[in-house]
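**Student:** Can you keep this structure in mind? I'll have questions shortly.
The values are calculated or read from the model by the stated rules, or taken from the named source; none is laboratory data. All values derive from a computational prediction rather than experimental measurement. Because the Cβ atoms are built from the backbone with ideal geometry, glycine has one as well, and the counts that use them run over all protein chains shown.
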């Protein structure tokens, strides 16, 4: 899902406002949630580092992933240090956080393994083996304990 985050600073109220919008149709965004933070707390968290910033930004209604917190950190830090802008917009696509197709989590591609190799070399079944496996009667042998409900 594509999302936009409009980040505003309100110097009068000493607040940082993050407005999250989600794409419902291509190019059409709908406001999802607005969260307000104390400006001095966010500045302190930015100085403490990405982990402290992540803990400060996450709330009950706005809980960004680690990847998104990293992007917010990278955009908000210079934004708060500059005095010229009063708002910025961050575009984010959840697909960016997913690993590329074909990549293994260890960086190696998965090898195709033949089923015969897993079973070993002794995988030829003769007719006697098949008869032994399929020799039992497969009809269910269910009999209800109480058949009083079934009487007519």
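Condition check ((1) touching a helix residue (DSSP H, G or I) at 6+ places or on another chain (Cβ under 6 Å); (2) crowded, with 17+ Cβ neighbours inside 10 Å; (3) in a strand (DSSP E or B)) across all residues:
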site	(1), (2), (3)
5	no, yes, yes
12	no, no, no
18	no, yes, yes
23	no, no, yes
32	no, no, yes
45	yes, yes, no
51	no, no, no
54	yes, yes, no
60	no, no, no
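**Student:** Oh, and also: Go through region 22-54 and give me each residue that's farther than 21 Å from residue 66 by Cβ and in contact with a strand residue (DSSP E or B) (Cβ under 6 Å, 6 or more places away or on another chain).
**Tutor:** Those that are farther than 21 Å from residue 66 by Cβ and in contact with a strand residue (DSSP E or B) (Cβ under 6 Å, 6 or more places away or on another chain): 23, 24, 29, 30, 31, 34, 36, 39.
**Student:** Could you tell me whether region 80-90 includes any residue that is at negative phi, at pLDDT below 95, within 17 Å of the chain's Cα centre (by Cα) and not in a helix (DSSP H, G or I)?
**Tutor:** no
**Student:** Take residue 25 and tell me if it is over 21 Å from residue 95 (Cα atoms) and modelled with pLDDT under 95.
**Tutor:** No; evaluated as a whole, the condition is false for this residue.
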